[in-house]
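Engineer: I have a structure here, written as structure tokens, and I will follow up with some questions on it.
The values are calculated or read from the model by the stated rules, or taken from the named source; none is laboratory data. What you see is a predicted model; the values in this text were computed from it and never measured. Cβ sites come from the backbone with ideal geometry, for glycine too, and all protein chains shown count toward neighbours.
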Amino acid sequence: MPTQTLWSGRFKEPLAEIALKFSSSIEFDKILYEEDIAGSIAHVEMLSACKVLTASEMRRIRTALKSIQKEIETGKFELTADYEDVHMAVEKRLTQKIGALGGKLHTGRSRNDQIALDERLFLRSAIREISKLVLNLQRVLLYKSEKVFGVVMPGYTHTQRAQPILLSHHLLAYVSMLERDFERLQECSKRLNKSPLGAAAFAGTTFPIDRAMVAKKLHFDGIVENSIDAVSDRDYLIEFTAACSILIMHLSRFAEELVLWTTKEFGFAQISDSYTTGSSIMPQKKNPDMAELVRGKTGRIYGALISLLTMMKGLPLAYNRDMQEDKKPMFDVISTVRQCLYIFAHVLVHTSFNKTHMEEELRTDFLSATDMADYLVRKGLPFREAHEITGKVVAYCISHKMYFGNIDIDTLKQFSAKFNGDIFDYILPQNSVNQKQSAGSTNPHEVKKQIAVWNRVLGKRRG
Ligand code: ARG
């Protein structure tokens, strides 16, 4: 049984077992062992360069740390609940291996700056990975929008049919949304890339350490200047979780659309069997569970954001043990967002769209009503008047069980003498789309332009 604590000097009694159990974070912070050891190696190398440790002391500690890493990786050294946290476990193992010299590792450092360092290192690589998954999903969406280019579908506002749009245009909206997510992640990564190490407990240290050297060794852009801020701050984690919350909110919207689109009621899309599930009771069912789960997991991410904000609210400076509670939400957000991005890209690859059904739905409805009004405006009517007339045409069609496609010109003329035979062409869904002129609109030329831009932007991005 290892000695549990590294601070027994002042105490007459050991920590009660249940207190250790309650306060231990090793069960979830053990995942940080690689970052912890990398940070310790950079720290001892710096201590030796600054003559706080001799070169041979540094080498012995470094070699032992590297072998501890191997021991953890091969399962020879287990990070168990006997230790309070990963930092203590590694340090204890170090002293077991090299004796009292192991105790020199912690010179000029505290677990308060150590945990902030580990988290920043861990998040930095998590962001790199998540960004790649965002890029991958953008590429899948871009590929899909190229494949379905030309397909016209009903576009919605208020979940009510509104105007014909290109399906590609709709898919590309998500590429734009994901681009902002990507940027937010990059900005977060840039801001977190400062080293807190050397802040020690919070006030700094009496040893002549070189914080910038450690920062450089660990590829940080510099140090967190104020040592009190360095150990008290969790903004980087909250920013990351906020960025992930927005990202998954975007996914949840698409997930919801997939759920809707794959219903019989919509019939716009289907997901292949390999990404849907059946029902244990209703033999006919084919359920979009992957999309539903992405939608559902969104709540977990928001929950993590609220947990972190609440944990930090009103905390007096500097470090407080409350902050240990940041680990579970942090790891959960990283793995959940990663899984969601990954599965969503696969679901999308295995989704196909029902062009004929979408076209049929357009034909048997009034989504080009705005175009009919625009037509009358072109003939000289003020838009409000044109809107009114078109509304009446729609009401007439509904009460006579007709669509724009089968109302005749003479009937139309009763609503306005401005109608001519060319109106029927003008309000075809395909023409509704073609006639759009504004930048960023659903006009095929505009959508083609967006596709070209994204091909250029995403094509040269590494990942
Ligand atoms: N396990 C702790 C955490 O995650 C590490 C820092 C502990 N510091 C302390 N003074 N007890 O926050």
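Engineer: With respect to Thr95, determine if the residue is among the polar types (S, T, N, Q), touching a residue at least 12 places away in the same chain (Cβ under 8 Å) and in contact with a Leu (Cβ under 9 Å, 6 or more places away or on another chain).
Structural biologist: no
Engineer: I've got another one for you. Across segment 193-235, what is the number of residues that are hydroxyl-bearing (Ser, Thr, Tyr), within 26 Å of the chain's Cα centre (by Cα), under 20 Å from Val52 (Cβ atoms) and within 16 Å of the ligand (Cβ to nearest atom)?
Structural biologist: Count: 0.
Engineer: Please verify whether segment 45-52 includes one or more residues that are under 25 Å from Phe331 (Cβ atoms) and either free of Cβ contacts under 8 Å to residues at least 60 places away in the same chain or among the aliphatic types (A, V, I, L, M) (or both).
Structural biologist: No: zero hits.
Engineer: Oh, and also: Answer yes if at least one residue in segment 245-256 is more than 30 Å from Asn354 (Cα to Cα), without any contact (Cβ under 8 Å) to a residue 12 or more places away in the chain and part of a helix (DSSP H, G or I), and no otherwise.
Structural biologist: No, segment 245-256 has no match at all.
Engineer: Could you grab me the full set of residues in segment 438-463 that are modelled with pLDDT of 95 or more and not in a helix (DSSP H, G or I)?
Structural biologist: Residues satisfying the conditions are Ser438, Ala439, Gly440, Ser441, Thr442, Asn443.
Engineer: Condition first: surrounded by fewer than 18 Cβ atoms within 10 Å (Cβ to Cβ) and within 30 Å of Ile248 (Cα to Cα). Now tell me which residues in segment 355-371 satisfy that.
Structural biologist: Once the filter is applied, which keeps residues that are surrounded by fewer than 18 Cβ atoms within 10 Å (Cβ to Cβ) and within 30 Å of Ile248 (Cα to Cα), segment 355-371 yields Lys355, His357.
Engineer: How many of the residues in segment 139-180 are of a type in the set (Phe, Trp, Tyr) and either surrounded by 21 or more Cβ atoms within 10 Å (Cβ to Cβ) or in contact (Cβ under 8 Å) with a residue 40 or more places away in the chain (or both)?
Structural biologist: Count: 2.
Engineer: Okay, moving on. Taking segment 181-224 on its own, how many of its residues are under 30 Å from Arg456 (Cβ atoms), part of a helix (DSSP H, G or I) and either free of Cβ contacts under 8 Å to residues at least 24 places away in the same chain or not basic (Lys, Arg) (or both)?
Structural biologist: Count: 9.
Engineer: Oh, and also: Looking at (1) within 16 Å of the ligand (Cβ to nearest atom); (2) over 30 Å from Thr206 (Cβ atoms); (3) part of a helix (DSSP H, G or I); (4) polar (S, T, N, Q), which one does Ser40 not meet, given that it meets all the others?
Structural biologist: Of the numbered conditions (1) within 16 Å of the ligand (Cβ to nearest atom); (2) over 30 Å from Thr206 (Cβ atoms); (3) part of a helix (DSSP H, G or I); (4) polar (S, T, N, Q), the odd one out for Ser40 is (2).
Engineer: Any idea which of Thr74, Thr107 is without any contact (Cβ under 8 Å) to a residue 12 or more places away in the chain and more than 16 Å from the ligand (Cβ to nearest atom)?
Structural biologist: Unique residue meeting the criteria: Thr74.
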